[in-house]
Amino acid sequence: MIRSVVKGVGAYLPERIITNAEMATLVDTSDDWITARTGIKQRHIAAEGELTSDLGTAAAREALKNSGVHADEIDLIIVATATPDDTFPATATVIQAQLGIERGFAFDMQAVCSGFVYAVATADNFIKAGQAENVLVIGAETFSRILDWEDRTTAVLFGDGAGAIVMQKGEGDGTNKDRGVLTSHLHSDGRYRDKLYVDSGPSRGAVGHLRMEGKEVFRHAVVNIAQAIDEALDATGLEAKDIDWFVPHQANKRILDATAKRIGLKPESVVVTVAQHANTSAASVPLALDVAVKDGRIKQGDMVLLEAMGGGFTWGSALVRW
């Protein structure tokens, strides 16, 4: 049976860091207020002229290096982003050129914070269909460009960054012991568009700013994420105790804690990076993966559960044997 195996990870964070103390000089807030409600302590912000493609390319280069896969072997590049360089061409094609890749195909995926999980599922399906053998999956965002810096309810929550993985065609016996993506489950419900959205875009004639009803997003997030996780466990016959590492979208520490408790995961199995990175949308899951792989927590053979929820609403999960 064909399996999509993760061969390497990479990440990039902009040099500039805005702490909660500095944020308090920009909007009416405080370190205590931000920390108590979100768990965030700081966020990275892209420099002037530093584009989403720049962040994504840097993360991709590191993932390729760590995977042992050469850029010339990449068949497909998927970039999950809600903040592309331009309306078109796709940021994925820009990264393709910056990596010197002249073969295969590349496209962007827009599912906001769920984008990376959507991209992993999509890459897995291309590999299983025989249309790609080596796929570069990138989550990259410059969310600082779409924030209303006078709105303390949203400005404090987000940061910039990029993470990437290389997925490669492998073989397994069709059991949960196989390395690679074991199952993925994706959802969306457009009825909740107004709960988390950007208030304009090219068709409306402007760039726009992010708007959010925080309490409503929190309420739906815990329920929807738990649903997608239950689906992954049901599809594989596994239980929460079989999960070695839970790598969730890093939106809010309270959401992470509530989700882990709801599905019965041990707190020590949850990878949490929201304090250092804030919410980096589609980049948050691969950035957290990168941290946990490099510090030695995630090791080959471990069972890793990914999940995310974003504007749309979109949400999903993927279960991966590392």
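The values are calculated or read from the model by the stated rules, or taken from the named source; none is laboratory data. Please read all numbers here as calculations on a predicted model, not as lab measurements. Don't worry about glycine lacking a Cβ; one is built from the backbone with ideal geometry, like all the others, and counts go over all protein chains shown. In case anyone asks, the SASA skips ligands and DNA or RNA and just uses the protein heavy atoms, side chains included. Shrake-Rupley method; radii C 1.70, N 1.55, O 1.52, S 1.80 Å.
A few comments on the model shown:
- Based on protein heavy atoms only, the chain ends up with 41 Å² per residue of surface accessible to a 1.4 Å probe.
- Cα-only Debye scattering, the range 72-176: base-10 log of I(q)/I(0) at q = 0.16, 0.21 Å⁻¹: -0.72, -1.07
- Counting DSSP beta bridges with both ends in the range 46-200, the antiparallel % (nearest 5): 45
- Under 11 Å, Cβ to Cβ, from residue 104 - net charge with Lys/Arg +1 and Asp/Glu -1: -4
- Shape annotation for the range 7-117: C-alpha extents along the principal axes are 50, 31, 26 Å, from largest to smallest.
- Accessible surface of the chain [probe 1.4 Å, protein heavy atoms]: carbon and sulfur percent: 49
- Span-rule helices in the chain, defined as complete DSSP H runs reaching 27 Å or more along the axis (Cα) with Kyte mean at least -1.0: 214-236
- Descending Cα extents along the principal axes, the chain, whole Å: 56, 45, 38
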